[in-house]
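Step one of this worksheet: look at the structure below.
The values are calculated or read from the model by the stated rules, or taken from the named source; none is laboratory data. Here the structure is a predicted model, which is why all the values come from computation and not from measurement. Cβ: placed from backbone, ideal geometry, glycine included. Neighbour counts: every protein chain shown. Accessible surface is based on the protein model in full, side chains and every heavy atom, while ligands, DNA and RNA are left aside. Shrake-Rupley method; radii C 1.70, N 1.55, O 1.52, S 1.80 Å.
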Amino acid sequence: MSDATVYQVVVNDEEQHALWPARTAPPAGWRVEGFQGSEEACMAHVDRVWPDIRPLSLRRRLAESTEGAGQASGLADDSAAASSPEVDR
């Protein structure tokens, strides 16, 4: 027996995706993404559009820490080279 339920893809503020029956409104905190179809079609769509399943806040925090580490590392390298007595001028 096949499932005749039509699903819709819903998304929350963290850019997390989920499937929800199209005949009902999504729960609080979720909005309709715009794609609907069978469970299999919706899952394939989610796989295509959501390759990084980490929440948006985590992706942003990691990006900021990576940028901050790169800047701090660059500053340390510049100051060390400027004060090094072995630098040829």
- Note on the structure: Of (1) at pLDDT below 95; (2) within 19 Å of Arg59 (Cβ to Cβ), Asp47 fails just (1)
- Message: Taking the criterion of being open to solvent by less than 30 Å² (accessible area, probe 1.4 Å) and either farther than 19 Å from Leu56 by Cα or free of Cβ contacts under 8 Å to residues at least 12 places away in the same chain (or both), would at least one residue in the range 5-16 satisfy it?
- Response: yes
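Could you check, for the range 66-88, whether at least one of its residues is polar (S, T, N, Q) and modelled with pLDDT of 90 or more? Before you say what the answer is, go through the steps one by one.
Taking the range 66-88 as the starting set, the residues that turn out to be polar (S, T, N, Q) are 66, 71, 73, 79, 83-84.
From what is left, the residues that are modelled with pLDDT of 90 or more are none.
No; the residues of the range 66-88 include none that is polar (S, T, N, Q) and modelled with pLDDT of 90 or more.
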- Task: Check whether at least one residue in the range 26-43 is part of a helix (DSSP H, G or I), open to solvent by less than 60 Å² (accessible area, probe 1.4 Å) and at pLDDT 95 or above, and report yes or no.
- Result: yes
- Item | Pair list, Cβ under 7 Å, 6 or more apart: the range 41-53 residue in contact (Cβ under 8 Å) with a residue 12 or more places away in the chain, other residue of a type in the set (Val, Ile, Thr) and not in a loop (DSSP other than H, G, I, E, B) | Cys42/Val9; His45/Val9; Val46/Val9
